[in-house]
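Data block below; observations after.
The values are calculated or read from the model by the stated rules, or taken from the named source; none is laboratory data. Since the structure is predicted, the reported quantities are computational estimates derived from the model, not experimental observations. Cβ sites come from the backbone with ideal geometry, for glycine too, and all protein chains shown count toward neighbours.
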Amino acid sequence: MFLFDPLWFIIMLPPFIFMLYAQFKVQAAFNKYSKVINSQRLTGAEAAQVLLRNSGLTNIRVEGTRTKLGDHYDPAKKVLRLSPAVANTPSVAALGIVAHEVGHAVQDKTGYAFLRLRSTLVPAANVGSNLGFVFVLLGLILAGFGAKFGMTVMWTGVLLFSLAVIFSLVTLPVEFNASNRARQMLFSSGLVTPQEQQGASAVLSAAALTYVAATLQAMGQLFYFVLLALGMGRNR
């Protein structure tokens, strides 16, 4: 239903274009620097062990994941998971990605406030992102048929989806902080030359754009839902 509303296109098209640009930048940066062998000739898995040891995180396990660029740190299980292209490749790109995920592990160790808040918000964000659309659509249909509680259902959907937006907003400082920690770790550990530091930083900066784009998309969708609810309320 939303896809046939010109207002939805007007609001969502700019964030969508920005997301395509961000994904292009990530792929371009990764493809470029995944072909540049780092001077230490360390694979991502080997670099992870070095950075974890230097950070006093010997309790963190390093495992593989089959998802392309699906590298992530799991704070609940204390596991750092690396994709094959990162774990098994001695590239500059691998160093940047691994350092970023170790940055998350350091956040977990030090009790970084935004990481704790994000972890707390995960259940609510999952519910909000999944049910927000459903409630807004259901409320819209009910209100269209004259049901008095249709608007209540619709605004409930807006509230639910706002939880997902809050989660996206909290994610931004978590990711930017992890990238800053990654740059500092790579420099202080001596794993990269100044030129390699620039390459790793380029990969990190490109990846950060995807989080910004995701947040803009979520905010745009919420803005559309609010306008939709306000418009439906005025027409009643």
Those residues of the range 62-100 which are small (Gly, Ala, Ser), surrounded by 15 or more Cβ atoms within 10 Å (Cβ to Cβ) and not in a strand (DSSP E or B), in sequence order: Ser83, Ala85, Ala87, Ala93, Ala94, Gly96, Ala99
task: Any chance you could count how many residues in the range 178-205 are more than 23 Å from the chain's Cα centre (by Cα), assigned to a helix (DSSP H, G or I) and surrounded by 19 or more Cβ atoms within 10 Å (Cβ to Cβ)?
output: 1
task: State yes or no: is Leu172 within 18 Å of Val102 (Cα to Cα) and outside any helix (DSSP H, G or I)?
output: no
field: Which listed residue is touching a strand residue (DSSP E or B) at 6+ places or on another chain (Cβ under 9 Å) and not acidic (Asp, Glu), from Val62, Val86
entry: Val62
message: Given the criteria in contact (Cβ under 8 Å) with a residue 40 or more places away in the chain, farther than 20 Å from Ile11 by Cβ, among the β-branched types (Val, Ile, Thr) and surrounded by fewer than 19 Cβ atoms within 10 Å (Cβ to Cβ), does Thr156 qualify?
response: no
- line: For Gly128, the lone unmet condition from (1) of a type outside the set (Phe, Trp, Tyr); (2) modelled with pLDDT of 95 or more; (3) under 22 Å from Val174 (Cα atoms); (4) buried (at least 21 other Cβ atoms within 10 Å of the Cβ) is (2)
message: Can you tell me how many residues within the range 139-149 are closer than 20 Å to Gln221 by Cβ and crowded, with 17+ Cβ neighbours inside 10 Å?
response: 3
- prompt: Limited to the range 33-61, what total is found for residues that are closer than 17 Å to Gln195 by Cβ, free of Cβ contacts under 8 Å to residues at least 60 places away in the same chain and in a helix (DSSP H, G or I)?
  reply: 0
task: Please name all residue pairs, on different chains or six or more residues apart, with Cβ atoms under 6 Å, provided the first residue is in the range 208-236 and is more than 30 Å from Ala29 (Cα to Cα) and the second residue is among the charged types (D, E, K, R) and modelled with pLDDT under 95.
output: none
field: Residue among Val102, Val79 that alone is of a type outside the set (Ser, Thr, Tyr), at pLDDT 95 or above and touching a Lys or Arg at 6+ places or on another chain (Cβ under 7 Å)
entry: Val79
Positions within the range 2-15 being surrounded by fewer than 14 Cβ atoms within 10 Å (Cβ to Cβ) and under 17 Å from Leu209 (Cα atoms), in sequence order: Leu13, Pro14
task: Give the residues of the range 137-187 that are among the small types (Gly, Ala, Ser) and farther than 18 Å from Gly231 by Cα, sorted by residue number.
output: Ser162, Ala164, Ser168, Ala178, Ser179, Ala182
